[in-house]
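What follows is a set of notes on a single structure, which appears directly below.
The values are calculated or read from the model by the stated rules, or taken from the named source; none is laboratory data. As the structure is a prediction and not an experimental result, all values here were calculated from the model. Ideal geometry is used to build each Cβ from the backbone, glycine not excepted, and the neighbour counts take in all protein chains shown. The protein model used for the area step is the full one, side chains on, heavy atoms only, and it has no ligands, DNA or RNA in it. Shrake-Rupley method; radii C 1.70, N 1.55, O 1.52, S 1.80 Å.
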Amino acid sequence: QVQFVESGGGLVQPGGSLRLSCLGFKSNFSRYVMGWYRQAPGKQRELVASSTSGGSTMYPDSVKGRFTISRDNAKNTLYLQMDSLKPEDTAAYYCNLIPPNRNYWGQGTQVTVSS
């Protein structure tokens, strides 16, 4: 049961930018605390940005000041603006609720930061 579809990933040079999008099919999208997660090969999935229904945001130190999460509730869409990308940001990026629902993971979108 697909609830979220991510897009916008790609190959980018260090220092570059990408904007990811997550289209949600869950009703009452605006009511949920949403997050962007990432998983690099051989590593556990980690939360990199969160957004409450009221628009409050939080980031881990590893991406703070470089990533910006936003949402357009009218379009059921969550965004992640990623600037000043580093090779260590290379991962598959996913969106989901917070805490995540294991049935809602989408295919993710691959971000590769490399020269």
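Here Gly65 meets the list (1) within 20 Å of Phe4 (Cβ to Cβ); (2) open to solvent by 60 Å² or more (accessible area, probe 1.4 Å); (3) part of a loop (DSSP other than H, G, I, E, B) almost entirely, failing just condition (1). Restricting Gly8, Gly24 to residues that are out of contact with any helix residue (DSSP H, G or I) (no Cβ under 8 Å at 6 or more places or on another chain) and either modelled with pLDDT of 95 or more or open to solvent by 30 Å² or more (accessible area, probe 1.4 Å) (or both) narrows the list to Gly8. A residue that is open to solvent by less than 20 Å² (accessible area, probe 1.4 Å) and either at pLDDT 95 or above or part of a strand (DSSP E or B) (or both) occurs nowhere in segment 52-61. No other residue among Thr112, Thr90 is among the β-branched types (Val, Ile, Thr) and surrounded by fewer than 17 Cβ atoms within 10 Å (Cβ to Cβ) apart from Thr112. Looking only at residues in segment 27-44 that are over 13 Å from Ala92 (Cα atoms) and surrounded by 15 or more Cβ atoms within 10 Å (Cβ to Cβ), the one that is nearest to the chain's Cα centre (by Cα) is Gly35. Of all the listed residues (Leu80, Leu47), the sole one being of a type outside the set (Lys, Arg), open to solvent by 60 Å² or more (accessible area, probe 1.4 Å) and part of a strand (DSSP E or B) is Leu47. Total residues in segment 83-93 satisfying the condition of being assigned to a helix (DSSP H, G or I) and not acidic (Asp, Glu): the figure is 1. Given the criteria open to solvent by 60 Å² or more (accessible area, probe 1.4 Å) and in contact (Cβ under 8 Å) with a residue 12 or more places away in the chain, does Ser70 qualify? Considered against the rule, which asks whether it is open to solvent by 60 Å² or more (accessible area, probe 1.4 Å) and in contact (Cβ under 8 Å) with a residue 12 or more places away in the chain, Ser70 comes out as no.
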